[in-house]
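The values are calculated or read from the model by the stated rules, or taken from the named source; none is laboratory data. Please read these numbers as outputs of a predicted model, since none were measured by experiment. Cβ sites come from the backbone with ideal geometry, for glycine too, and all protein chains shown count toward neighbours.
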Amino acid sequence: MSTVAVCDTQPIAIEGLRSLLESAESLRVVAAENTVMDGIGAVRELRPSILLVDKAFGYQAVSDWLAMLRSSPVPVATIVWGSSFSEVEAMRFIQAGASGVLRKTASLDTVLECLRTVERGNTWMSGDMVRDLDRLPHPAHSPLTARELQVMEAVERGCKNKHIAAELGIQIGTVKIHLKHIFEKTGIRGRYGLALSGLKEKGLLSMSAGQ
């Protein structure tokens, strides 16, 4: 049986999720905390398979926790959930290390789909969080060069232009030129769309049809 820990700012949300999961086979809530520190302690002690953490704790607090979990010897599939997400917010959490992003308004079927997907080691998000879902992935009009592929992979990891330039030993202006060519060749708009496309093309991202 897979174990789930929940860390949320609102106790009523925790109880609601616990009630929802009571009807699910092979999933059991083993911890329910309403502060990040208590949540960290519960994860260290109980080592759940899946962690749901509230977006309302703030991006910095959640991303710091995600960084801590990435360095942990015991993997925990972490889902960030909240009342609403923009495409940019969702992708920022994925790039920070979240296995999934989920709206609190999701149906039970959607919640279970998300939990089971991240437990298998895949990344999950709702398709309606992405404006241009039909464009992902989009075949390149012409092949990307080796350098363009390096830039694209760095974008998938969430690297900024200055970090990409330093990593590849090139100028920031050159990075911008490579990105312009990548966007033209793939037909994808924006670096978040590019990152989503890369994850989906590699089979690392599962999307629901919407909620």
* Asked: Within the set of pairs 6+ apart or on separate chains, which have a first residue in the stretch 154-182 that is under 16 Å from residue 197 (Cβ atoms), a second that is among the polar types (S, T, N, Q) and surrounded by 14 or more Cβ atoms within 10 Å (Cβ to Cβ), and C-beta atoms under 6 Å apart?
  -> 158/95
* Is it true that residue 38 is surrounded by fewer than 15 Cβ atoms within 10 Å (Cβ to Cβ) and of a type in the set (D, E, K, R)? -> yes
* Asked: Looking at (1) surrounded by fewer than 19 Cβ atoms within 10 Å (Cβ to Cβ); (2) closer than 30 Å to residue 197 by Cβ; (3) touching a residue at least 24 places away in the same chain (Cβ under 8 Å), which is the only condition residue 94 fails?
  -> (1)
* Asked: Being assigned to a loop (DSSP other than H, G, I, E, B), at negative phi, within 19 Å of the chain's Cα centre (by Cα) and of a type outside the set (Ser, Thr, Tyr), is that true of even one residue in the stretch 16-32?
  -> no
* Structure fact -> Of the residues in the stretch 38-85, those that are within 17 Å of residue 2 (Cα to Cα), part of a loop (DSSP other than H, G, I, E, B) and not basic (Lys, Arg) come to 48, 49, 74, 75, 76
* Could you grab me the full set of residues in the stretch 57-97 that are touching a Gly at 6+ places or on another chain (Cβ under 6 Å) and either more than 16 Å from residue 124 (Cβ to Cβ) or not assigned by TED's automatic domain parsing to the domain that holds residue 9 (or both)? => 70
* To do: Looking at (1) touching a Ser or Thr at 6+ places or on another chain (Cβ under 8 Å); (2) at pLDDT below 95; (3) surrounded by 18 or more Cβ atoms within 10 Å (Cβ to Cβ), find the lone condition where residue 82 falls short.
  => (1)
* Structure fact -> Counting only residues in the stretch 141-160 that are under 24 Å from residue 99 (Cα atoms) and assigned to a helix (DSSP H, G or I), the one modelled with the lowest pLDDT is identified as 156
* **Condition met for residue 117 (out of contact with any helix residue (DSSP H, G or I) (no Cβ under 8 Å at 6 or more places or on another chain), surrounded by 20 or more Cβ atoms within 10 Å (Cβ to Cβ) and among the polar types (S, T, N, Q))** => yes
* To do: Considering (1) buried (at least 20 other Cβ atoms within 10 Å of the Cβ); (2) of a type outside the set (S, T, N, Q); (3) over 15 Å from residue 115 (Cα atoms), say which one residue 53 fails and leave the rest.
  => (3)
* Count of residues meeting criterion [over 24 Å from residue 152 (Cβ atoms) and outside any loop (DSSP other than H, G, I, E, B)] in the stretch 89-116 -> 11
* Asked: Which of the residues spanning the stretch 120-140 are of a type in the set (Asp, Glu) and either in contact with a helix residue (DSSP H, G or I) (Cβ under 7 Å, 6 or more places away or on another chain) or at pLDDT 90 or above (or both)?
  -> 132
